[in-house]
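Enquirer: Have a look at this one.
The values are calculated or read from the model by the stated rules, or taken from the named source; none is laboratory data. Just so you know, these numbers come straight off a predicted model, no measurement behind them. Here Cβ is always computed from backbone atoms with ideal geometry, including for glycine, and neighbour counts include all displayed protein chains. Please note that ligands, DNA and RNA were not included when accessible areas were found on the heavy atoms of the full protein model with its side chains. Shrake-Rupley method; radii C 1.70, N 1.55, O 1.52, S 1.80 Å.
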Amino acid sequence: MTETEKVNRLRTLMRDLSIDCCYVITSDPHNSEYVAPRYQTRAWLSGFTGSAGTAIVTQDEALVWADGRYYIQAAKEIENTPFSLMKLGKSGVLGPEDWMLESLPEGSRISVDGSVFSESRTKNLEKRLEKKGMSLVTDLDLVGDIWDDRPGLPKGALFLHPIEYTGRTAMTKIDDVREQLVKDGADYALYVGLDDVAWLMNFRGRDIPSSMLSLAFALITRDEAFLFIDLDKVTDEIGAYFKGQKITLRPYDTVAQALSELPEGAIELNPKRVSRSLFQALPAHVRVIEKEDIPYLAKAELNDTELRHQFAAGVRESVVITRFLYFVRKKAVALGMDEYDVAEKLHSLRAETEGFINESFATISAYGPNAAMMHYQATKTKRSPLQAKSFYLVDCGAQSLGGTTDVTRTVALGPLTEEEKRDFTLTLKSHIALASLPFLKYTCGIALDAVARSVMWRHNLDYKCGTGHGFGYLTGVHEGPQGLSNSPSSLYRFREHNVITIEPGVYREGKHGIRLENDYVVLKANQSIETRDGIPELIEEHENINEAGDQFLRFQPLTYIPFDRASILPEMLTCEEKIWLNDYNLAIRREVAPFLEGDELEDLMKETEPF
């Protein structure tokens, strides 16, 4: 079906059921950011394939909302469809729920799929609609009803995450959960986040593209631990492991029934993540304690084993990307390669790396103006040739048993304009401003975001995304609670062993896109990590405490890839910025140079000469 046929069919069904508005979000029963093909309803309906977005269909209108990362992409993908683009975040553009409240008449019935809509979001929307004389219907999946060839639930294989990488057994982590439940006065805890469940029970899966996750729920009681998962995925070895960790397996689709049968008591859950459908399955005699999920907060602080492996994973990634960028700068144009070709080259280099599993997300390989689309994807049928001028941008990452990575570099393929060099150097200055900053323990993300963003503001520029995000440990490439954003919700207070990206950028539609992204870990200001005798080692110097007893933290790089020297205007850098850059380049030589030889090594030494 074309998008027009889909919308027409949806409208017919809506009329039959007396529904005035169909509200389609991007989610699944686990409130995931990246969803399995079965739950890509907004993409299927509208044709807009970005990882985030919303669609609304009424009898008269069809609208798609996309944030600043996807303005350009969304506009292109919904051309010649019934959908119009709403640029979320633009002045004067209402969000989808505000639009409904302003545009729909009193008495309207709005439908959402309650199995993928969180309880908190549902309740808030219900309250707002009631004030306008409207109602919310949560027991229909309208798009699913017209999606004839909808994919089934994914059947990706499970695998275990060994103790030498996790540092702690599942049984120990679950005991920690129970200890906290006692303190909170709770008898049960329900966890729906795929990353939380996988981390808690030390397994991973392949249900979500690029994320090492499997569809699963966890229910923890004072003396039992239940994992709701597709039992067909559980091999004898994995089943024996779960039994040894005192984890009881149940079929994936029986979680609602299990909740409905709970004895009297109190259950701890996060209504911002648990769906309306599961929330309604709870019996009246079970009291709800609303709280952030314990594993969600615990896994945000890497233990010492995880930290060492994540550092080593970052070094491995740095070697791959350094070799790749040498190839792109020195050989790709002469070989007549395009964006898709070099992305395939990157994959081949990664495949040679010890422990590589797969990319942590689809590689963004973008030349020239294509890089102005933050999440541009080159394909076999949509690919631009590389030319001996302007910029090439690669945003990529890898999954290995030792962790997850996400890095971006922008490099010159030939002569640059003064504007291109200026934009690149501003992006570098923005990156350094935050990466070099000592900050008080428990500083929140919105405050740190402003440090990097203010560099752009001084030059009448801004980037329409966050400055950085947390990432998982062999799970998802975007994970909270930590984040760097100018959103009022970016309030998590940073502490030791949080991991975060720093990735400011400049995006000029029709010209170029520049992004410079490293992975970092938060350490005490007097600590650092480096490889010694092939092993990552945490080094601690004397800590200077001021008279107020303040504890300061710092961002320690986890990735070591040169910033393209040809693109930098040194006269725009301050002395302090040059000191940071020179120190970073020395660290690149220490961590990456031992793995290079010949022309690649010679080029690295030139790229990391002092400024």
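Enquirer: How much FRET efficiency would the formula 1/(1 + (r/R0)^6) give for Asp145 and Glu496, where r is the Cβ-Cβ distance and R0 is 51 Å, rounded to 0.05? Each step should come with its number before you reach the end.
Expert: Values: r = 49 Å, r/R0 = 0.97.
Working from the Cβ atoms, E equals 0.55.
Enquirer: Taking the Cα centre as origin and putting +1 on Lys and Arg beta-carbons and -1 on Asp and Glu beta-carbons, what dipole magnitude results for the stretch 1-125, to the nearest 20 debye? Kindly include the intermediate steps, with their values, before the conclusion.
Expert: Working: 13 positive and 17 negative charges, 44 e Å.
Computed about the Cα centre, the dipole is about 220 debye.
Enquirer: State to the nearest 20 debye the size of the charge dipole of the stretch 132-229 about its Cα centre, where the only charges are +1 on K and R beta carbons and -1 on D and E beta carbons.
Expert: Numbers: 10 positive and 16 negative charges, 48 e Å.
Result for the stretch 132-229 is approximately 240 debye, rounded to the nearest 20.
Enquirer: When DSSP beta bridges are limited to those with both residues in the stretch 6-100, what percentage is antiparallel, rounded to the nearest 5?
Expert: Numbers: 8 of 12 bridges.
Percent antiparallel among DSSP bridges in the stretch 6-100 is about 65.
Enquirer: Still on this structure, please answer the following. At 1.4 Å probe radius, can you tell me the per residue accessible area of the chain in Å²?
Expert: Values: 25000 Å² over 611 residues.
Solvent-accessible surface per residue comes out at 41 Å².
Enquirer: In whole Hz, with x marking every Gly and Pro, tabulate ³J(HN,Hα) for the stretch 65-80 from phi via Karplus 6.51 cos²θ - 1.76 cosθ + 1.60, θ = phi - 60°.
Expert: With coefficients 6.51, -1.76 and 1.60, one gets 9, 9, 8, x, 5, 10, 3, 5, 4, 4, 4, 6, 6, 9, 4, 6 Hz.
Enquirer: Past the 16 angstrom mark, what percentage of all C-alpha to C-alpha distances in the stretch 557-596 do you count? It would help to have the intermediate numbers written out before the result.
Expert: Values: 298 of 780 pairs.
Roughly 38 percent, once rounded to a whole number.
Enquirer: Under 5 Å between amide H atoms, partner at least 5 residues away or on a different chain: which partners does Ala62 have, H built in plane at 1.01 Å?
Expert: Amide H neighbours of Ala62, under 5 Å, 5+ apart: Ser84.
Enquirer: May I ask you to derive the relative contact order of the chain, considering only C-alpha pairs under 8 Å and at least 6 residues apart, and to give it as an integer percent? List each step's numbers first, then the result.
Expert: Details: 1269 pairs, mean separation 68.4, N = 611.
Normalised by residue count, the contact order of the chain is 11 percent.
Enquirer: Please compare each pair in Lys330/Lys578; Lys90/Lys441; Lys389/Lys606; Lys123/Lys291 to a cut-off of 28 Å on the Cα-Cα distance and tell me which ones are over it.
Expert: Numbers: Lys330/Lys578 26 Å; Lys90/Lys441 34 Å; Lys389/Lys606 21 Å; Lys123/Lys291 16 Å.
With Cα atoms farther than 28 Å apart: Lys90/Lys441.
Enquirer: Could you list which residues have their amide H under 5 Å from that of Asp338, counting only those 5 or more apart in sequence or on another chain, with H placed in the peptide plane?
Expert: Amide H to amide H, under 5 Å and 5 or more residues apart or across chains, Asp338 pairs with Leu386.
Enquirer: Return the sequence-ordered ³J(HN,Hα) values of the stretch 354-369 in whole Hz as given by the Karplus equation 6.51 cos²θ - 1.76 cosθ + 1.60 applied to θ = phi - 60°, using x for Gly and Pro.
Expert: Per residue, the Karplus-derived 3J(HN,Hα) values read 4, x, 5, 9, 6, 5, 7, 6, 5, 4, 8, 10, 9, 10, x, x Hz.
Enquirer: Just want the answer: with Cβ charges of +1 for Lys and Arg and -1 for Asp and Glu, which residue in Tyr584, Phe311, Phe563 is farthest toward the dipole's positive end in the chain?
Expert: Most positive-ward Cα: Phe563.
Enquirer: Still on this structure, I have one more. I'd like the trypsin sites (Lys or Arg not before Pro) in the stretch 347-391 restricted to DSSP loop residues with at most 13 other Cβ atoms within 10 Å, sorted by number. Write down the numbers at each step before the final one.
Expert: Values: sites: Arg350, Lys380, Lys382, Arg383, Lys389; in loops: Lys380, Lys382, Arg383, Lys389.
Answer by residue number: Lys380, Lys382.
Enquirer: Just how large is the dipole of the stretch 224-342 about the Cα centre, in debye to the nearest 20, putting +1 at every Lys and Arg Cβ and -1 at every Asp and Glu Cβ? Each step should come with its number before you reach the end.
Expert: On the way: 16 positive and 19 negative charges, 102 e Å.
The calculated dipole for the stretch 224-342 is roughly 500 debye.
Enquirer: Same structure, new question: Using DSSP to define loop residues, name the GluC sites (Glu not before Pro) in the stretch 157-258 whose beta-carbon has at most 14 other beta-carbon atoms within 10 Å. Don't skip to the answer; put the middle values down first.
Expert: Details: sites: Glu164, Glu179, Glu224, Glu237; in loops: Glu224.
Passing both the DSSP loop test and the Cβ count: Glu224.
Enquirer: Only bridges with both residues in the stretch 128-271 count here: give the DSSP antiparallel percent, nearest 5. Walk me through the intermediate numbers first.
Expert: Values: 12 of 18 bridges.
Around 65 percent of the beta bridges assigned by DSSP in the stretch 128-271 are antiparallel ones.
Enquirer: Follow-up question, since we're still on this one. Just the Kirkwood number for the stretch 375-482, please: inverse of mean 1/r across all distinct Cα pairs, in Å, one decimal.
Expert: Over the stretch 375-482, the inverse of the mean reciprocal pair distance is 16.5 Å.
Enquirer: A further question follows. Specify the inter-centroid distance of the stretch 207-252 and the stretch 1-75, based on alpha-carbon positions, in whole Å.
Expert: For the stretch 207-252 versus the stretch 1-75, the Cα centre distance is 31 Å.
Enquirer: Let me ask something else. Let's test the formula: R0 of 45 Å, r as the Cβ-Cβ distance of Leu437 and Lys123. What FRET efficiency results, to the nearest 0.05?
Expert: Values: r = 39 Å, r/R0 = 0.86.
Working from the Cβ atoms, E equals 0.70.
Enquirer: Then there's this: Fully extended, how many nm does the chain gain between Leu586 and Thr353 (0.36 nm per residue separation, minus their Cα-Cα distance)? Intermediate results must be reported in sequence, preceding the final value.
Expert: On the way: separation 233, 0.36 × 233 = 83.88 nm, distance 2.34 nm.
Fully extending the segment from Leu586 to Thr353 adds 81.5 nm.
Enquirer: Of His497, Leu516, Thr353, whose Cα points farthest to the positive end of the dipole of the chain (charges on the beta-carbon: +1 Lys, Arg; -1 Asp, Glu; origin at the Cα centre)?
Expert: Farthest towards the positive pole: Leu516.
Enquirer: Sticking with this one: Taking H placed 1.01 Å from N in the peptide plane, check which residues at least 5 places from Leu249 or on another chain put their amide H under 5 Å from its amide H.
Expert: Under 5 Å from the amide H of Leu249: Leu227.
Enquirer: Could you sort 152-161, 190-199 so that the peptide with the highest average Cβ count within 10 Å comes first and the rest follow in order? Mind dumping the intermediate values first?
Expert: Working: 152-161: 16.0, 190-199: 26.4.
Ranking the peptides 152-161, 190-199 by packing returns 190-199, 152-161.
Enquirer: I'd like the distance between the alpha-carbon centres of the stretch 338-392 and the stretch 480-494, rounded to an integer number of Å.
Expert: 29
Enquirer: Pick out, in residue order, every one of the trypsin sites (Lys or Arg not before Pro) in the stretch 80-136 that is DSSP loop and has at most 16 other C-beta atoms within 10 Å; say none if there are none. Each step should come with its number before you reach the end.
Expert: Numbers: sites: Lys87, Lys90, Arg109, Arg121, Lys123, Lys127, Arg128, Lys131, Lys132; in loops: Lys90, Lys132.
Within the stretch 80-136, the qualifying trypsin sites (Lys or Arg not before Pro) (loop, at most 16 other Cβ atoms within 10 Å) are Lys90, Lys132.
Enquirer: Further question on the same structure: HN-Hα J couplings of the stretch 24-36 from phi, Karplus 6.51/-1.76/1.60, θ = phi - 60°, integer Hz, Gly and Pro as x?
Expert: Each residue of the stretch 24-36 in turn: 10, 9, 9, 6, 8, x, 10, 6, 7, 6, 9, 10, 5 Hz.
Enquirer: In the chain, if the dipole is taken from +1 on Lys/Arg beta carbons and -1 on Asp/Glu beta carbons about the Cα centre, which of Phe117, Gly368, Thr443 is farthest to the positive end?
Expert: It is Gly368, whose Cα lies furthest towards the positive end.
Enquirer: Measure off 7 Å from each Cα along the Cα-to-Cβ vector at Met605 and Ala525, then give the distance between these two points in nanometres to one decimal.
Expert: Here the modelled spin labels are 3.7 nm apart.
Enquirer: Among the DSSP beta bridges whose two residues both lie in the chain, what percent are antiparallel, rounded to the nearest 5?
Expert: Numbers: 63 of 83 bridges.
Expressed as a percentage, antiparallel bridges in the chain total about 75.
Enquirer: Let me ask you something else. By how many degrees, 0 to 90 and rounded to 10, does the Cα axis of helix 170-184 deviate from the longest principal axis of the chain?
Expert: Helix 170-184 sits at roughly 60 degrees to that axis.
Enquirer: Only one of the listed values, [x] 31.6, 107; [y] 24.8, 73; [z] 26.4, 95, was derived from the coordinates as Rg and Dmax of the Cα atoms in Å; which label is it?
Expert: [y]
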